[in-house]
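A quick write-up on the structure given underneath.
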């Protein structure tokens, strides 16, 4: 079993860029980008989680923590930011052992064991780009089976294809392979290459919009926009 990779799609908007700019899931990432004046293609990720003994000034969870990619990819940067919390410090992370906390000599825990012990749980993850092949095994280590990992912009890889996707994705890719007289494997390779190009293009357009928004040229949300300049 694995986490559940969930593409948020267009959500009723005419473009993926508009869906991203209006999504409640991406709100924390967009807010931090604005605060950082960061309109680059650096990825941002958000964790939604609950831990006992709240560390956020006594405010009960669930908590929301967002980080950009830096020394590590954004998903791992979020983990570095929160792994000092006592109940997270004991997680066993066989696919990224340097990410483990010191555990203070206590036994390592799986996500299921941590939840049973004291209610510690990561409810969901949002990452602007589809989680890559490096971060996917790590996410599997710290998330319960079928935990949703939401994303907007494609960044497909062979590793991410191993994780649970909507059955329609598999059917559509199979039909595309047949129509192009290709094997399923070759179709997946083409999808990986083309998906990354398109994902980066859409994210770049979104960053252009947020930059103009920060400069006061566009409104906060795009729901009422009839036309939007997303040219490169």
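I need the full set of residues from region 61-82 which are under 16 Å from residue 138 (Cβ atoms) and part of a loop (DSSP other than H, G, I, E, B), in order please.
Those that are under 16 Å from residue 138 (Cβ atoms) and part of a loop (DSSP other than H, G, I, E, B): 69, 70, 71, 72, 73.
Quick check on residue 26: is it in contact (Cβ under 8 Å) with a residue 24 or more places away in the chain, crowded, with 18+ Cβ neighbours inside 10 Å and over 20 Å from the mean Cα position of the chain (by Cα)? Spell out how you get there, then give the answer.
Working: in contact (Cβ under 8 Å) with a residue 24 or more places away in the chain: yes; crowded, with 18+ Cβ neighbours inside 10 Å: yes; over 20 Å from the mean Cα position of the chain (by Cα): no.
Against the criterion (in contact (Cβ under 8 Å) with a residue 24 or more places away in the chain, crowded, with 18+ Cβ neighbours inside 10 Å and over 20 Å from the mean Cα position of the chain (by Cα)), residue 26 does not qualify.
Going by what's in this entry, would residue 138 be described as surrounded by 15 or more Cβ atoms within 10 Å (Cβ to Cβ), touching a strand residue (DSSP E or B) at 6+ places or on another chain (Cβ under 6 Å) and at pLDDT 90 or above?
On the way: surrounded by 15 or more Cβ atoms within 10 Å (Cβ to Cβ): yes; touching a strand residue (DSSP E or B) at 6+ places or on another chain (Cβ under 6 Å): no; at pLDDT 90 or above: yes.
Considered against the rule, which asks whether it is surrounded by 15 or more Cβ atoms within 10 Å (Cβ to Cβ), touching a strand residue (DSSP E or B) at 6+ places or on another chain (Cβ under 6 Å) and at pLDDT 90 or above, residue 138 comes out as no.
So for region 86-96 (the condition being farther than 18 Å from residue 125 by Cα, crowded, with 16+ Cβ neighbours inside 10 Å, in contact with a strand residue (DSSP E or B) (Cβ under 6 Å, 6 or more places away or on another chain) and free of Cβ contacts under 8 Å to residues at least 60 places away in the same chain), does at least one residue qualify?
Within region 86-96, one or more residues are farther than 18 Å from residue 125 by Cα, crowded, with 16+ Cβ neighbours inside 10 Å, in contact with a strand residue (DSSP E or B) (Cβ under 6 Å, 6 or more places away or on another chain) and free of Cβ contacts under 8 Å to residues at least 60 places away in the same chain.
Which ones in region 83-98 are over 19 Å from residue 63 (Cβ atoms) and in a loop (DSSP other than H, G, I, E, B)?
Here is the first cut: in region 83-98, the ones over 19 Å from residue 63 (Cβ atoms) are 92-98.
Once the filter is applied, which keeps residues that are over 19 Å from residue 63 (Cβ atoms) and in a loop (DSSP other than H, G, I, E, B), region 83-98 yields 92, 93, 94, 95, 96.
Considering only residues of region 99-143 that are in contact (Cβ under 8 Å) with a residue 40 or more places away in the chain and assigned to a loop (DSSP other than H, G, I, E, B), which is nearest to residue 86 (Cα to Cα)?
Ranking the candidates gives 120 first.
How many of the residues making up region 144-156 are in a loop (DSSP other than H, G, I, E, B) and in contact with a helix residue (DSSP H, G or I) (Cβ under 6 Å, 6 or more places away or on another chain)? Even if it seems obvious, please write down each step before you answer.
Of the residues in region 144-156, the ones in a loop (DSSP other than H, G, I, E, B) are 144-147, 154-156.
Within this subset, residues satisfying the condition of being in contact with a helix residue (DSSP H, G or I) (Cβ under 6 Å, 6 or more places away or on another chain) are 144, 154-156.
Total meeting the criteria: 4.
For region 8-30, which positions are modelled with pLDDT of 90 or more and either closer than 25 Å to residue 142 by Cα or assigned to a loop (DSSP other than H, G, I, E, B) (or both)?
8, 23, 24, 25, 26, 27, 28, 29, 30
Condition first: under 21 Å from residue 145 (Cα atoms) and in contact (Cβ under 8 Å) with a residue 60 or more places away in the chain. Now tell me which residues in region 67-85 satisfy that.
Result: 75, 76, 79.
In this structure, does residue 48 turn out to be modelled with pLDDT of 90 or more and not in a loop (DSSP other than H, G, I, E, B)?
Numbers: modelled with pLDDT of 90 or more: yes; not in a loop (DSSP other than H, G, I, E, B): yes.
So residue 48 passes the test.
The values are calculated or read from the model by the stated rules, or taken from the named source; none is laboratory data. Everything numeric here is computed off the predicted structure, so don't read it as measured data. Using ideal geometry, Cβ is built from the backbone for each residue, glycine included, and neighbour counts are taken over all protein chains shown.
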